[in-house]
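Here is the structure we will look at.
The values are calculated or read from the model by the stated rules, or taken from the named source; none is laboratory data. What you see is a predicted model, and the numbers here were worked out from it, not measured in a lab. Don't worry about glycine lacking a Cβ; one is built from the backbone with ideal geometry, like all the others, and counts go over all protein chains shown. The protein model used for the area step is the full one, side chains on, heavy atoms only, and it has no ligands, DNA or RNA in it. Shrake-Rupley method; radii C 1.70, N 1.55, O 1.52, S 1.80 Å.
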Amino acid sequence: MTYDADTLAQLRKDADEILGRYPVQRSALLPLLHLVQSVDGYVSPDGIAFCADAVDLTSAEVSAVATFYTQYKRRPNGEYQVGVCTTALCATMGGDEIWRQLSDKCGVGHDETTADGKISLERIECNAACDYAPVMMVNWEFFDNMTPDRALRVVDDILEGRDVKPTRGPNKVSTFKETERVLAGFEDGKVDEDQGVGEPTLVGLKVAREQGWKESK
Amino acid sequence: MTDLTPVLSATWDAEQSWKLSTYEEHGGYRALKKALGMDKADIIQAVKDSGLRGRGGAGFPTGMKWGFLPPDDGGPRYLVVNADESEPGTCKDIPTMLSAPQVLVEGVAITSYAIGCNHAFIYVRGEVTHVYRRLMQAVREAYDAGHLGKNIHGSGFDLDVTVHAGAGAYICGEETALLDSLEGRRGQPRLKPPFPAVAGLYARPTVVNNVESISSVPAIIDRGVEWFTSMGTERSKGMGLFSLSGHVERPGQYEAPLGITLRELLEMAGGMRGGKKLKFWTPGGSSTPIFTDEHLDTPLDYESVGAAGSMLGTRALQIFDETTCVVRVVTRWTEFYKHESCGKCTPCREGTFWLTQILKRVEGGQGVDADIQQLLDTCESILGRAFCALGDGATSCISSSIQYFREEFEQHITDGACPFDHSASALFEVTESTKATEEAHA
Amino acid sequence: MTSTADQATPAVVDTVSLTIDGSEVTVPKGTLIIRAAEQVGIDIPRFCDHPLLKPAGACRQCLVDVAAPDREGNVRPFPKPQASCTMTVMDGMIVNTQHSSETAAKAQEGVMELLLINHPLDCPVCDKGGECPLQNQAMSNGRPESRFIDVKRVFEKPLALSSEILLDRERCILCQRCTRFSKEIAGDAFIDLQNRGAMQQIGTFNEDVLEFDGYEPIGVAAEDESGRAFSSYFSGNTVQICPVGALTSASYRFRSRPFDLVSSPGISEHDSSGAALRTDHRRGKILRRLADNDPVVNEEWITDKDRFAFSWQNLNDRITRPLVRGDDGELHEASWPDALAAAAKGLRAAITGEDAQGAAVLPGGRLTMEDAYAYQKFARLVLDTNDVDIRTRTASDEEEAFLGSSVAATGLGVTFGDLEKAPAVLMAGFEPEDEGGIVFLRLRKALGRQQVFTVAPFLSRGAEKLDATLLSTAPGGEGKALAAVKGSTAASEALKEAGSVIIVGERLAGSPGAFTQALALAKRTGAKLVWIPRRAGERGAVEAGALPGLLPGGRAVSEASARDAVAKAWGVDALPGKQGRGAADIIAAAHQGKVDALIVGGVTPSDLTSNLSAALERTGFVLSLEVRRTEVAEYADVVLPVAPPSEKSGTFVNWEGRLRGFATALKTDAMSDHRVLDILARELGVTLNTATVGDVSQQLGALGAAATKHRPAAPKIDAPKVDAKPGEELILASWHLMVDEGALQDGEPYLAGTGRTAVARLSAKTADAVGVKDGLVTVSTQTGALELPVVITEMADGVVWVPAKSPGSWVAQELGVEPGARVMVKGGV
Ligand SMILES: Cc1cc2nc3c(=O)[nH]c(=O)nc-3n(C[C@H](O)[C@H](O)[C@H](O)COP(=O)(O)O)c2cc1C
Ligand code: SF4
Ligand code: FES
């Protein structure tokens, strides 16, 4: 492994905390791979070795897991992972168009990263936000009800170094690495930053309130 | 007209609805305290009597599932909450956890107590950072308030809860694949038997339940079986979240008793977008055979939807109007299944690979006459022969769409092109290039 | 042979009766449908199913139609066809396979069609062509024409998973037999499924194949310690069980087609397990070896050495004609009569006449029982000496007493089946993965159900895979370590459970008192004791009496009445009564010019710490019986060619005491040692009566086992305390890794490539004391030195471990000492 001593020490410390959450050490592997991405920006071969060591597996077993899941990247990821949902419903509602325009704008295709390392574009699958279609995710934060213009603005902001704010999520999208640290199970204090719940989430409740409907009794 | 019945969603419009304090102001954790004073068997019986059926898609009676656990042998047993929500169209658990995660945590505590579990897991899909934040906070707040941890409210009951993020794999919603994934493996489904109730997580007795199922438990305990059974139909009890998406005026979450119809829901949602005509819809996500306007009045309960040839699934109502090309939508869904097939079994791995290629050709105007039959034959080679239900699900949209819209498939083949203008189904203007080609999905 | 667990009547088992394709069948409860069908001769096609692997249900080829009674007893059909390889039978079940059910037939055809859409259909150039389940199945059940008109998945051509194992991903049908074997059976998870869905494939962690971006060579965890990705001693089994031609071996690739091959059954010559194998040959040339199915011994597995190491007998140093040293000092080919005459002359001179110092015999440990018998009989009848010893390795008198008293003529004792069933196993001086691969696999089969303890300086990788508990000791301290297993120690308690087994390896001979203590431990705990030597010929030679103090059947040379019994059977007046010398003493005497003639069998001088070559040089007359022209030939006066195992018949007695007879695979002119010795004896006027295997077995049968009073006494030797301290002078620990530079592995570069890299192991504390952290260390004695990379290992302090005969680590030859000796260790070179 080529991690410097400090990085390695921090990794080990974090890994211990992760291992502590589970009764069986192998369960820590998914969060550990997220952790590796929070340091390297992808699952590096070093990271594979680190995980193999941490949970006592062969590298083949670790890569077997790492290559099964789409969130684990094999090449250094951009600072921002921009995913456009192009599964059936979002695609129909305009996701395809958004994708095409973003791809043109960034000059990269699926799972590719802009030359400046800012953005990795990805066609993503349904992200459980169909009522907000078309949906885009930036570092796995929701950008709901996208239009090509709005999507392009987000990308412009990223490319020009401005913060971007999701529709449901914190005030500002964290970097890919920061996000991966959250996904490894380390809280980042941004949990309360947004102040409400999205419109479609509340639409039924609103109708019920208007109609004075309550669940029985 | 059926009324909506907000129970799980009742607090979602409150200020900081996700905080423990908000939840407690609205009666949160009353049920846990009540449950801790109850006999475990009585809790299980109450859930059995409520008729609550799993909200994760298959609709298996929840209380009965708990009852399958073997008698306590002194070793650990686990509760695993399935929060992987990845089925196309399904978008109910994510808003639940984002808006009111405490109801799930309380449900976890009650369920764990009832089944004798001291370590529960919430497996949430990895692609929803903010949801994961909310869950981590919810668990932390619950620990701090003594709703979790050691000797909960002096009952002698200990419970740890670990929130675990997945990493992008639809198959991990399948309960045994989820368990493998939670054990740090590739998320591939396991052989059954043994069922999770007997040998699940770490080969110990395990209950796997959907977020909404577990979230429904506190209300059942708090307000009683009768209250719950007063909602719904004869065999499909209680309320559930109906998620409307697509070409409707006001897509979103509508919590209603089971048995409500799409016609009723559409009315509440302001009707079809721009007054267009409904063409087809899924009653329960992309894995359930599609419906058409024939089915507007089919009661959305397990039995009626089943009788009409589909499945209630997750009540993920994806609605497409007359501007939509069904071949295009089905092609995309099929690409999804190909992308998400775990690869373990031949029918699903190879079958989705083949189906995708045929569909893409047909959609792109390169179809041949034999293709429609080949699609049906290949679906037949998958349906009921794959290792798990993912393979079955992949065939639903194809067989059902050919059943209802065969001419549209034929037209693509005879015209050598897609007859639809994709702009019309999008929410905004679509350029020529997007209309003309369908880019491959990796 | 006495009754054993293997032959005992099975306990009454619950059975279930069901109907398969109309036939009634009754099978034990828990049987899988696919096996039940086999029993009535109904073959259900399958790919992922393998009887020795856990069910996977992955390929879906074995689908059948099933109906079973519900709780009320009404037989209800399952709505979907079921995988017969994963479903167990039920009373009253009705199964209809493809033969009687349209649904099943259709389901199977559907799966077959799907399996073939992405298959390259390159059968004409595939190694598996002609013996390929997929090909056969496609021919009998597949569609004549493919309906697939789209684009096939393509992968780059074969990937080398190791130097020996190649993977053709296009042919792979992802049945996972290979990965399941590697994980479940061998415990070497170096390969696994990679990627997902349609792109799923078998593989190692290969950055290029999986398109990982690396910035530096990866660290230790990425590979096994050998630095190789798929380095398993059992990897060849994956090739054999692959149901398509996806996994092939580098050594056999493109060499032949199955229909050109002739197959002969055989027994492996590589270790004492007696694994059943199949030799495939064509026109007198062995092309490959496969595992044969022998449920009581090796099941369906063999080691890579068993499988791949067979070239040694056909290298260009093979001797086919006798050689006699001429007046010019060179060896010349000679006729058999001339060579025999020369041999007889040389031997006669050594044993007759006033100052004749006599002759001695070093047969080597790799012989059949018949050969060993002939050597010892030759020594005793023709040469009138007990100076015969097959143990060209570490040996001791204590060991001989142990072998004579507790091993020889004890029949079938502990079996493979017993090992599998044992609740606890303690091993001392034995590393199953390296020194008895099949034993390792059997023990591993019991993983989770069995406690394993190992008396060793550290937990080897093999021991780790058995989840063994280390009873740490420096070499030489095994006796004390065994003595400490008493009272309420975990090992002692475990061994008291009925059926527990103590395994002692031949290396204990280097540890005074260890055999004595092993016997005492067995007595104390009631555990069964078994000796598992490394070489294939050891146990047979013990039975045959090819030891200086031991006659056939476990009779002690020192017992006059025992000698008389044998003499009578052999039709002679008396046998030599003088205690014979062991191999080391014989060589030492020869070194001093005190032996006039030596007969040397299959002995490799570099395996010995004593300088055999120098001894041979000083010996008046040297007769070598050899397959190949080895170093011994350089000093031999007469060399008589003998047959390698594949060209002869005979019997290996495996460590269980099981007779593993085998017939000639390749018919050649080559004669076995026992036959050559028979002729030579005749030349010397003695009837040895060992011309055929039948002659020998008749004699051994007639002799039978020794009466108790004829047996040597059990050893009683004190175990010393070993003082191992970190410092410059350390105690040497060593054993042979399975894949190394042993003589029988010559000529197999692909196999050699899978061997583990030679390293020197030190504990952290010892390394500190020596002042090394990483890099190379030098291990030396007055004789020579080894330079090896150091690996810090959790192990006994004051000890250095090196492999016995791996590349760069020929311990016996270079250091001239045996394990337990003191050696100098320092950092750097
Ligand atoms: C391919 C596939 C994906 C699934 N995805 C989910 C999911 O995301 N969430 C879920 O709760 N159940 C999902 N299920 C259903 C689960 O296997 C399981 O039935 C459910 O979690 C049980 O919970 P319940 O009884 O509370 O519904 C999926 C099933 C399949 C076959
Ligand atoms: S149907 Fe087969 S390949 Fe598909 S997800 Fe299930 S097991 Fe995996
Ligand atoms: S042999 Fe039964 S599924 Fe493969």
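Observations on the model:
- On the stretch given as segment B:342-366, residues that are among the small types (Gly, Ala, Ser), more than 16 Å from ligand 3 (Cβ to nearest atom) and either on the phi < 0 side of the Ramachandran plot or open to solvent by less than 10 Å² (accessible area, probe 1.4 Å) (or both) total 1.
- Complete set of residues in segment C:161-197 that are assigned to a helix (DSSP H, G or I), buried (at least 20 other Cβ atoms within 10 Å of the Cβ) and within 14 Å of chain B (Cβ to nearest Cβ): C:Arg177, C:Thr179, C:Arg180, C:Gly197
- In segment A:111-139, residue nearest to A:Arg168 (Cα to Cα) [restricted to those that are open to solvent by less than 10 Å² (accessible area, probe 1.4 Å) and of a type in the set (Ser, Thr, Tyr)]: A:Tyr132
- Within segment A:1-30, if we keep just the residues that are facing another protein chain (nearest Cβ under 7 Å) and not in a loop (DSSP other than H, G, I, E, B), the residue that is farthest from B:Tyr123 (Cα to Cα) turns out to be A:Arg26.
- When the residues of segment B:335-367 are filtered to those that are farther than 26 Å from B:Glu174 by Cα and charged (D, E, K, R), the one that is farthest from ligand 1 (Cβ to nearest atom) is B:Arg361.
- Inclusion of B:Leu179 among residues that are crowded, with 24+ Cβ neighbours inside 10 Å and farther than 27 Å from B:Lys344 by Cα is not warranted.
- Subset tally (residues that are open to solvent by less than 10 Å² (accessible area, probe 1.4 Å) and either in a loop (DSSP other than H, G, I, E, B) or within 13 Å of ligand 1 (Cβ to nearest atom) (or both)) for segment B:315-326: 4
- Hey, C:Gln782 without any contact (Cβ under 8 Å) to a residue 12 or more places away in the chain and open to solvent by 40 Å² or more (accessible area, probe 1.4 Å) or not: no
- Scanning segment A:49-92 for residues that are within 7 Å of another protein chain (Cβ to nearest Cβ), open to solvent by 10 Å² or more (accessible area, probe 1.4 Å) and either in contact (Cβ under 8 Å) with a residue 60 or more places away in the chain or over 23 Å from C:Arg196 (Cβ atoms) (or both) yields a count of 1.
- B:Pro193 within 16 Å of ligand 1 (Cβ to nearest atom) and open to solvent by 40 Å² or more (accessible area, probe 1.4 Å): yes
- The criterion of being open to solvent by less than 10 Å² (accessible area, probe 1.4 Å) and not assigned by TED's automatic domain parsing to the domain that holds C:Asp418 holds for C:Ser268.
- Segment C:42-64: number of residues that are in contact (Cβ under 8 Å) with a residue 60 or more places away in the chain, more than 13 Å from ligand 2 (Cβ to nearest atom) and within 9 Å of chain B (Cβ to nearest Cβ): 3
- Hits in segment C:583-616 (condition: within 30 Å of C:Ala707 (Cα to Cα) and surrounded by 23 or more Cβ atoms within 10 Å (Cβ to Cβ)): C:Ala583, C:Ile586
- Residues of segment A:181-217 satisfying the condition of being in a helix (DSSP H, G or I), at the interface with another protein chain (Cβ under 8 Å from one of its Cβ atoms) and within 30 Å of A:Gln37 (Cβ to Cβ): A:Val182, A:Leu183, A:Thr201
Each row is one residue, and each column tells you yes or no for (1) touching a residue at least 60 places away in the same chain (Cβ under 8 Å); (2) under 18 Å from C:Thr368 (Cα atoms); (3) surrounded by fewer than 24 Cβ atoms within 10 Å (Cβ to Cβ); (4) not polar (S, T, N, Q).
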residue	(1), (2), (3), (4)
C:Val632	no, no, no, yes
C:Val639	yes, no, no, yes
C:Ala670	yes, yes, yes, yes
C:Val676	no, yes, no, yes
C:Leu680	yes, no, no, yes
C:Glu683	yes, no, yes, yes
C:Val686	yes, no, yes, yes
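- Being away from ligand 1 (no atom under 16 Å from the Cβ), outside any strand (DSSP E or B) and either within 14 Å of another protein chain (Cβ to nearest Cβ) or surrounded by 14 or more Cβ atoms within 10 Å (Cβ to Cβ) (or both) is not true of C:Ala67.
- Subset of segment C:126-159 [touching a Gly at 6+ places or on another chain (Cβ under 9 Å) and aliphatic (A, V, I, L, M)]: C:Leu134, C:Leu159
- Scanning segment C:130-160 for residues being more than 14 Å from chain B (Cβ to nearest Cβ) and open to solvent by less than 20 Å² (accessible area, probe 1.4 Å) gives a total of 1.
- Which listed residue is away from ligand 2 (no atom under 16 Å from the Cβ), modelled with pLDDT of 95 or more and not in a helix (DSSP H, G or I), from B:Val368, B:Val362, B:Val329, B:Val430: B:Val368
- Failed condition for B:Gly116, given (1) under 19 Å from A:Gln71 (Cβ atoms); (2) touching a residue at least 60 places away in the same chain (Cβ under 8 Å): (1)
- Check on B:Arg273, away from ligand 1 (no atom under 16 Å from the Cβ) and under 28 Å from A:Asp96 (Cα atoms): yes
- C:Glu543 meets each of the listed conditions (1) surrounded by fewer than 24 Cβ atoms within 10 Å (Cβ to Cβ); (2) closer than 24 Å to C:Leu412 by Cα; (3) of a type in the set (D, E, K, R) apart from (1).
- Hey, A:Ser103 open to solvent by less than 10 Å² (accessible area, probe 1.4 Å), in contact (Cβ under 8 Å) with a residue 12 or more places away in the chain, at negative phi and hydroxyl-bearing (Ser, Thr, Tyr) or not: no
- Qualifying residues in segment C:79-90 (those that are surrounded by 14 or more Cβ atoms within 10 Å (Cβ to Cβ) and assigned to a loop (DSSP other than H, G, I, E, B)) - the one nearest to ligand 1 (Cβ to nearest atom): C:Lys80
- Close pairs from segment B:5-28: first more than 8 Å from chain A (Cβ to nearest Cβ), partner among the polar types (S, T, N, Q) and part of a loop (DSSP other than H, G, I, E, B), Cβ under 6 Å, at least 6 apart: B:Thr11/B:Ser17; B:Thr22/B:Gln16; B:His26/B:Thr11
- Count of segment C:392-408 residues, restricted to those that are open to solvent by 10 Å² or more (accessible area, probe 1.4 Å) and either closer than 29 Å to C:Leu680 by Cα or part of a loop (DSSP other than H, G, I, E, B) (or both), is 5.
- Candidate set: segment B:371-394, residues that are in a helix (DSSP H, G or I) and without any contact (Cβ under 8 Å) to a residue 24 or more places away in the chain; chosen: the one farthest from ligand 2 (Cβ to nearest atom): B:Gln373
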